[in-house]
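Dumping the structure here so I can ask a few things about it.
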Amino acid sequence: MSDTSFFNQGEMKAVGQEVPTLGIGMLGYSFMGRAHTNALKKLSYTYWPPPAETKLIALAGRSGAAVAEAARRYGYERSTTDWTDIVNDPAVDVFDNTGPNDQHLEPTIAAARAGKHVICEKPLGRTADEAFKIWAAVEKTGVKAMTAFNYRFFPAIRLIKGLLDDGTLGEVRHFRARYHQEWLVDPNSPTSWRLDKNIAGSGALGDLGAHIIDLSRYLVGEPVTVSANLVTFADERPGGHVDVDDAFDAIITFGNGATGTLEATRVAPGRKNHMRFEISTTRGTVIFNQERMNEIELHLIDSTPAQNAQGFRTVLVSEAYHPYWEHWWPHGHMIGWEDSFVHELGHLLEAVVHDAPIGPHGATLEDGYRCAEVCDAIVRSASTGHRQDIAYRSP
């Protein structure tokens, strides 16, 4: 296919097609607020036609001056320090909750009860009890609701999901995942809300571990037991006491008989945003490294020893037939971490417009709750020194 025909596909699809407009209200304007807003704006021209045009209605945050400046910078019509203003605004169709973890429960439930479709950043709740309350309450409203696990929307991870689902990789035997960052290596680094249990709920476990726990569920299946350690290396930092974990490691078993290991830390020197997993199966092994997010390493068992001896090959995930690449550039022209949010929010808007399900590829609020149950089991195991069963509730 020529470059011209590649680009003309979307233009031809769009002829004569009307696109609805959805009003967006967002809570939170910092790191995740900026990432989500960037994606909402990109959707209008990367997806063609987009599932919906988005109108940035209102942005909420705690600091009046800061949220007003962010609203001006991002292009929202207005700002507010009271999130209920957004919940009560009839112009808002979708409530995007990117606020700190202690702001997930009440605003998300209130927005859904007001008839807004909702997306809430992970972890859904600071505890499994809190996440369960969110899921159970929102489920009753019938709105579209999503937990924001953006790594599900990396093209490479979706390709791996396809290789598992279609049997190419066979049955999973072992899942090994780690998520390492370095931003807390210096014990004199300033404190933040992420180090306060009352706000964050947990440390590396909920911040980083939630991602790899969700991917383990998405790619392999339900964890049913866990044995774990949690550690805090620096109890005090400039500005206050630290009462969350700096690192954890865990051994998990899955309901389908597979086993796995999970680890996460925010005190790994040299690691900026290193999320890596390896899946061994009856027919091969596949490796993903977020720092090389447009590639996978793949080894498939073949019929001849000579072919098996060739080991791993690198697959560049950028072909037009790879997941999500119909929205982007000719092959070999890479996309970035921020573009996973384009796919994620595009998925949500498609579900809203077409009354389509969020799952299995999007993370539902039930997925967010189940991830929280695994996190709580890790905490229990670390505190008791014993392996814990993982039990899931129904609303």
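The values are calculated or read from the model by the stated rules, or taken from the named source; none is laboratory data. In this text, all values refer to a predicted model and were calculated from it rather than measured experimentally. Positions of Cβ are backbone-derived with ideal geometry, glycine not excepted, and every protein chain shown enters the neighbour counts. In case anyone asks, the SASA skips ligands and DNA or RNA and just uses the protein heavy atoms, side chains included. Shrake-Rupley method; radii C 1.70, N 1.55, O 1.52, S 1.80 Å.
Applying the Karplus parametrisation 6.51 cos²θ - 1.76 cosθ + 1.60 with θ = phi - 60° to the phi angles of region 174-185, what ³J(HN,Hα) value in whole Hz is obtained for each residue in order, glycine and proline being reported as x?
Listing the rounded values in order: 8, 10, 10, 9, 9, 9, 10, 9, 10, 5, 10, 4 Hz.
What percentage of all Cα-Cα pairs in region 15-85 are separated by more than 18 Å?
38 percent
Can you tell me, using C-alpha contacts under 8 Å and at least 6 residues apart, the relative contact order of the chain as a whole percent?
19 percent
Would you please give the residues with an amide H less than 5 Å from that of T261, counting only those at least 5 places away or on a separate chain, with H modeled from the backbone geometry?
Excluding prolines and chain starts, which carry no amide H, the hits are F175, R176, A177, I252.
Next question. So, with a 1.4 angstrom probe, what is the percent of accessible area on the chain that is carbon and sulfur? Don't skip to the end; give the middle numbers.
Working: 8460 of 16990 Å².
That share works out to 50 percent.
Here is a follow-up. Using only the alpha-carbon atoms of region 148-200, report the extent along each of the three principal axes, biggest first, to the nearest angstrom.
Cα extents, longest axis first: 49, 22, 20 Å.
So for region 255-395, considering every pair of alpha-carbon atoms, how many percent are separated by more than 26 Å?
When every Cα pair of region 255-395 is considered, 48 percent fall beyond 26 Å.
Accessible area of H354, 1.4 Å probe, to the nearest 10 Å²?
130 Å²
Whole percent per 10 Å bin, from 0 to the bin with the longest distance: what is P(r) over all C-alpha pairs of region 192-239?
Each 10 Å bin holds this share of Cα pairs: 20, 45, 25, 9, 0.
Placing unit charges on C-beta atoms (Lys and Arg positive, Asp and Glu negative, everything else neutral), compute the dipole magnitude of region 328-395 about its Cα centre in debye, rounded to 20.
The calculation lands at about 360 debye.
Further, regarding this structure: What helices does the chain have that are whole DSSP H segments, at least 20 Å long along their own axis by Cα, and with mean Kyte-Doolittle hydropathy of -0.5 or more? Write out the running numbers ahead of the final one.
Values: long enough: 31-46 (23 Å, -0.44); 339-354 (22 Å, 0.46); 365-384 (28 Å, 0.00).
Within the chain the helices that satisfy the rule are 31-46, 339-354, 365-384.
Okay, next question. For region 242-281, state the semi-axes of the equivalent ellipsoid (square roots of 5 times the eigenvalues of the alpha-carbon gyration tensor), sorted largest first and rounded to whole angstrom.
25, 15, 6
As a test of the formula, what do you get for the chain when each DSSP H run with n ≥ 4 contributes -39,500 (n - 2.57) and the sum is divided by the residue count, at 222 nm and rounded to the nearest 500 deg cm²/dmol?
-10000 deg cm²/dmol
OK, next. Can you give the alpha-carbon Rg of region 92-208 over 2.2 N^0.38 Å, where N counts its residues?
Working it through for region 92-208, the quotient is 1.30.
So if I take the alpha carbon set of region 155-244, get Rg, then get Rh from the Kirkwood formula, what is the Rg over Rh ratio?
1.10
What do the square roots of 5 times the Cα gyration tensor eigenvalues come to for the chain, in whole Å, largest first, as semi-axes of the equivalent ellipsoid?
Numbers: eigenvalues 199, 177, 77 Å².
One finds semi-axes of 32, 30, 20 Å for the chain.
Determine one quarter of the surface area of the Cα convex hull of region 221-305, which equals its mean projected area, and express it in nm² to one decimal. Intermediate results must be reported in sequence, preceding the final value.
Values: hull surface 34.5 nm².
Convex hull of Cα atoms, orientation-averaged projection: 8.6 nm².
With a 10 Å radius around each residue's Cβ, average the other Cβ atoms per peptide and rank 117-129, 197-209, highest first.
Packing proxy ranking, top to bottom: 117-129, 197-209.
Antiparallel as a % of all DSSP beta bridges within the chain, to the nearest 5?
In the chain, approximately 60 percent of DSSP beta bridges are antiparallel ones.
For region 47-88, state the semi-axes of the equivalent ellipsoid (square roots of 5 times the eigenvalues of the alpha-carbon gyration tensor), sorted largest first and rounded to whole angstrom.
23, 13, 6
Over region 45-144, what number does the Rg to Rh ratio reach, with both radii from the alpha-carbon atoms and Rh per Kirkwood?
Ratio of gyration radius to Kirkwood radius for region 45-144: 0.99.
What is the packing order of peptides 321-334, 266-279, taking the mean over residues of other C-beta atoms within 10 Å and listing the highest first?
266-279, 321-334
Continuing with this model, one more query. Starting from the amide H of K55, placed 1.01 Å from N in the peptide plane, find each other amide H under 5 Å away whose residue is 5 or more places distant or on another chain.
L22, G23, I24
Could you state the principal axis extents of the C-alpha atoms in region 158-308, from the largest down, to the nearest angstrom?
Principal extents (Cα only, largest first): 61, 31, 23 Å.
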